[in-house]
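Here's the structure we're looking at; comments come further down.
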Amino acid sequence: MSKPTNQKAWLLVIPVVLLVAFNALIPLMTVVNYSVQETFGNNVFFWEGVKWFEQVLNSSRFHEAFLRQLAFTGTILLIEIPLGIAVALSMPKKGPWVSVCLVLMALPLLIPWNVVGAMWNIFALPDIGLLGRTINAMGIDYNFTQQPLAAWITTIAMDVWHWTSLVVLLAYAGLCSIPDAYYQAAKIDGASPWSVFWRIQLPKMKHVLTIAILLRFMDSFMIYTEPFVLTGGGPGNTTTFLSIDLVKIALGQFDLGPAAAMSLIYFFVVLLMCWIFYTLMMRDEEQ
Amino acid sequence: MRLKSWLLPTIYIFFLMLPIYWLLNMSFKTTNEILGTFSLFPINFTFENYIKIFTDPTWYNGYLNSITYVVMNTVISVTVALPAAYAFSRYRFLGDKHLFFWLLTNRMAPPAVFALPFFQLYSAVELFDTHLAVALAHCLFNIPLAVWILEGFMSGVPKELDETAFLDGYSFPRFFIRIFIPTIVAGIGVAAFFTFMYSWVELLLAKTLTSVSAKPIAATMTRTASTAGYELGLLAAAGTLTIVPGAFVIYWVRNYIAKGFAMGRV
Amino acid sequence: MAKITLKNLRHSYLAEPQNKEDYALQQIDAEWSDGSAYALLGPSGCGKTTLLNIISGLLTPSEGQVLFDDKDITHIPTAERHIAQIFQFPVVYDTMSVFDNLAFPLRNRGVAEDKVTARVNEVAKMLDLEHSLKQRASGLTADGKQKISLGRGLVREDVNVIMFDEPLTVIDPHLKWLLRSKLKELHQQLGITMIYVTHDQTEALTFADHVVVMFEGTVVQVGTPVELFEHPAHTFVGHFIGSPGMNILPCEISDAAAHFAGNRLQTACTKLPGIGTGNLEVGVRPEFVQFDDSGFPVEIVKVDDLGRHQIVAVRHNDNAIKMIIAEDAPIPSENPRISFSPQHTRLYQDSWVVN
């Protein structure tokens, strides 16, 4: 659709800009402010320049949290995307069970995140939780409150439980939009089921899969509530991801300077990723 | 339908239902029973946890507060997103691509970054501990989402519709309300669903911006866990009840879920 | 090359069809011979795509059989039927080049690579695609993509029948003609049986040797374009073919002759049906209605001058009649009267022609 140029369109956009800017720009300005200043209370501030940035970028605490975050995001992407696609592929296109399945699958997505954390907490407790008790009954010593590996595995399992359905729903919608004629032509061409997946289904799902990967990357990179409620970031700090660490510093210790600097670095990394994905996606659509 | 093909979705759904079942199981037990014995079904089936929640204002207010700010946010987000999405869909204007991108970046903003600044901002404008504060704060990521979804749906409506209406003498507001909106009702449904969802589940900001009067159910639940010790049965019942609104909403829009995701603009 | 026989074919999309309306295809018995070009012509919903899919194997009929060269293939899967089908919109494998697209059906069947290359080049030449072979298939225009679809069908040497399901739907109008000519050319070159489904009579009449007209799930008439025009066996054929279509007017038998609105007519019918039998109509094409002072009076409603000829819409007692007359033929200004040319006036009983 060719669009006419009309500067009056700004009038339509102003309410949105005002509301979002209020929430985005003012806090960001505050954060920038804090990131370059030092305060000893009583609202007295001293210019510190890039000291906080240096401190954060050089702190091993930040490095560790960042690496933990990367490990977490990488792992869940490797599990959730293929699993989501596989489930979507195995679901029928039509029929009475389809909406039942979709509704049940969508349920985890609408549970408040703290309840997700609490639910898995109760579920995985070694003495009274169904999962915890069952694993220990099989002879494996499992206690996610004390063992780092168990904590990691439980956190990842929780995220897979929570968010894979998003990938399923997106992939399923993408699959359903493929016209029947493609499958019919593939039959006539004698294509194998793998060929059909690799040459028809996957390429046609590219758009929705990009969105799925983008969303899961972003959301998992910003994850806070669920792991916080499940493990509190522990045992120790073994499951302290970036957001959890940041909130500890900002709201826990009220270390405004370092918190602000870390916030900006964090936000910048996320934005960079977002920009890369966005460009790739837009380039795809223009083709 | 080959049997093998059903195996994966069935196992997957079973996996999904397991923790929910466990939560439900615990919600009908007393905390003593939970800590004392391990059973797949309550030995002494009790409603006392639910009764406590429905009768104690500290608890049910939590739900009311949550629903209030979520609905407020959905209404605000979708209402302002509609004209903006129209502008993006129909016109080119100075900075439009950059503006759109900037909006999307806010969807990607880590709430942790905004926790403290929001706390200070909303305290400064004296909105701390109000439903409006949370409703407005959630606009940060929900408005861009709503604009994105609505723009997608609007682009599917041919421009000829607008042109015909203007030729027929409709003023813009009348055209928008009486002609345009009915054609994108599905899109509005999808946008409303996702804004509801993301506001309902978000809790860091909701907790940060409230203390007593507008406290969401999440905050009440965490308080229970720490101060009164582990009142697990109560916690489980509270948790179960938070799943209910979500289940309703999904069921209600189940036909639109596929359409919304098909837009590929979640 | 194959002879296609349809025996007692009926199809319903419902599991338990109760009555006639539940069937997308009513009783069809037909035999189509080798090497010809057939068009399945009819309005939307008449069952032509259903029939096509049954022949290609994408659909299994509820009742009846499909035979290729007298062999029952009703339950044989599509891949083994040696057919090719081209769909309404282009189906190409986006990630592959044009060459790989054309090679795909051969590679899937394990054909040796040098043979694949030879064959693909041959087909590409036939379709004027030789210069696009290295390009990505997704980059071609709609007509290019349809050619690729066609190419995938031609590249297999065991193809007996090629089926087209309204293939020109998404093609630009000025390219439709080119593609249609190319199809006709290919048919003459290769002699493969081709079945072409369309609702556009121009496409059908220009492409096909034989046109199969379908209406509401039945085959109403099979014939060459000329036969369909001159001897429509069913009022639908008369009405659908020709622009404007045949005039269908109510008629009665009395006094051993057909009468239209009280006017005695001479028709091509040799044996008139008895009085009171069935719904009687008389049909005559606008080309065969002329101004005639010995005819019956009409009122002129509208005259359209289309350059090569004129279309005159007239009325007689609430019956609308259309006439086609030459561009310079005079139109009487006073008391116009018309008559129908007897050899081209046909009698129809319950929509079927009475000879």
Next on the checklist: Could you check the range B:90-119 and list, in sequence order, the residues that are more than 25 Å from the chain's Cα centre (by Cα) and either part of a helix (DSSP H, G or I) or at the interface with chain A (Cβ under 7 Å from one of its Cβ atoms) (or both)?
Outcome noted: B:Arg90, B:Tyr91, B:Arg92, B:Phe93, B:Leu94, B:Asp96, B:Lys97, B:His98
Checklist entry - Mind checking whether some residue in the range A:58-66 is in a loop (DSSP other than H, G, I, E, B), over 30 Å from B:His98 (Cα atoms) and more than 12 Å from chain B (Cβ to nearest Cβ)? => result yes
Checklist entry - Which one is farthest from the chain's Cα centre (by Cα) among residues in the range A:100-123 that are more than 7 Å from chain B (Cβ to nearest Cβ) and farther than 23 Å from A:Val87 by Cβ? => result A:Asn121
Checklist entry - A:Thr231 is checked against (1) under 22 Å from the mean Cα position of the chain (by Cα); (2) under 18 Å from A:Ala86 (Cβ atoms); (3) more than 11 Å from chain B (Cβ to nearest Cβ) and fails just one. What number does that condition carry? => result (2)
Checklist outcome for this item: Residue count, the range C:145-202, condition assigned to a helix (DSSP H, G or I) and not polar (S, T, N, Q), comes to 23
Item to check | Qualifying positions in the range C:75-91 - more than 8 Å from chain A (Cβ to nearest Cβ), surrounded by 17 or more Cβ atoms within 10 Å (Cβ to Cβ) and hydrophobic (A, V, I, L, M, F, W, C) | outcome: C:Ile86
Next on the checklist: Can you report the number of residues in the range B:71-107 which are closer than 15 Å to B:His138 by Cβ and of a type outside the set (Val, Ile, Thr)?
Outcome noted: 7
Checklist outcome for this item: Given the conditions (1) under 30 Å from A:Trp97 (Cβ atoms); (2) surrounded by fewer than 19 Cβ atoms within 10 Å (Cβ to Cβ); (3) at the interface with another protein chain (Cβ under 8 Å from one of its Cβ atoms), every one holds for B:Phe38 apart from (1)
Checklist entry - Just for the range A:176-194: of the residues that are more than 7 Å from every other protein chain (Cβ to nearest Cβ) and part of a helix (DSSP H, G or I), which one is farthest from the chain's Cα centre (by Cα)? => result A:Ala186
Item to check | Residue tally, condition assigned to a loop (DSSP other than H, G, I, E, B) and either at the interface with another protein chain (Cβ under 10 Å from one of its Cβ atoms) or not hydrophobic (A, V, I, L, M, F, W, C) (or both), over the range C:92-111 | outcome: 7
Checklist entry - Does C:Ser243 count as assigned to a loop (DSSP other than H, G, I, E, B) and surrounded by fewer than 15 Cβ atoms within 10 Å (Cβ to Cβ)? => result yes
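Pick from the range C:1-35 the residues that are over 19 Å from C:Lys71 (Cα atoms) and among the small types (Gly, Ala, Ser): which of them is modelled with the highest pLDDT?
C:Ser12
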Item to check | Boolean, A:Ala173 is within 8 Å of chain B (Cβ to nearest Cβ) and surrounded by 18 or more Cβ atoms within 10 Å (Cβ to Cβ) | outcome: yes
Checklist entry - Just for strands (runs of 3 or more DSSP E) wholly inside the range C:3-86: which have at least 2 residues that are more than 29 Å from C:Gly151 (Cβ to Cβ) and free of Cβ contacts under 8 Å to residues at least 40 places away in the same chain? => result C:23-32
Next on the checklist: Could you check the range C:288-313 and list, in sequence order, the residues that are under 20 Å from C:Thr267 (Cβ atoms) and either in contact with an Asp or Glu (Cβ under 7 Å, 6 or more places away or on another chain) or part of a helix (DSSP H, G or I) (or both)?
Outcome noted: C:Phe288
Next on the checklist: Would you confirm, using the coordinates I've provided, whether C:Val120 is closer than 22 Å to C:Arg180 by Cα, away from chain A (no Cβ under 11 Å) and at pLDDT 90 or above?
Outcome noted: yes
Checklist entry - If we keep just the residues of the range A:108-129 that are in contact (Cβ under 8 Å) with a residue 24 or more places away in the chain and under 18 Å from A:Ala150 (Cα atoms), which is surrounded by the fewest Cβ atoms within 10 Å (Cβ to Cβ)? => result A:Asn121
Checklist outcome for this item: A:Asn143 vs (1) in a helix (DSSP H, G or I); (2) farther than 24 Å from B:Leu16 by Cβ; (3) more than 8 Å from chain B (Cβ to nearest Cβ): all pass except (1)
Checklist entry - Would a scan of the range B:5-15 turn up a residue that is facing chain A (nearest Cβ under 9 Å), farther than 23 Å from A:Thr155 by Cα and not in a helix (DSSP H, G or I)? => result no
Checklist entry - So is B:Leu82 closer than 14 Å to A:Val17 by Cβ, in a helix (DSSP H, G or I), hydrophobic (A, V, I, L, M, F, W, C) and touching a residue at least 40 places away in the same chain (Cβ under 8 Å) or not? => result no
Checklist entry - Only one residue in A:Trp10, A:Trp47 is surrounded by fewer than 18 Cβ atoms within 10 Å (Cβ to Cβ) and more than 7 Å from chain B (Cβ to nearest Cβ). Which one? => result A:Trp47
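The values are calculated or read from the model by the stated rules, or taken from the named source; none is laboratory data. What you are looking at is a predicted structure, and each value in this text was computed from that prediction instead of being measured. Note that each Cβ is placed from the backbone with ideal geometry, even for glycine, and that neighbours are counted across all protein chains shown.
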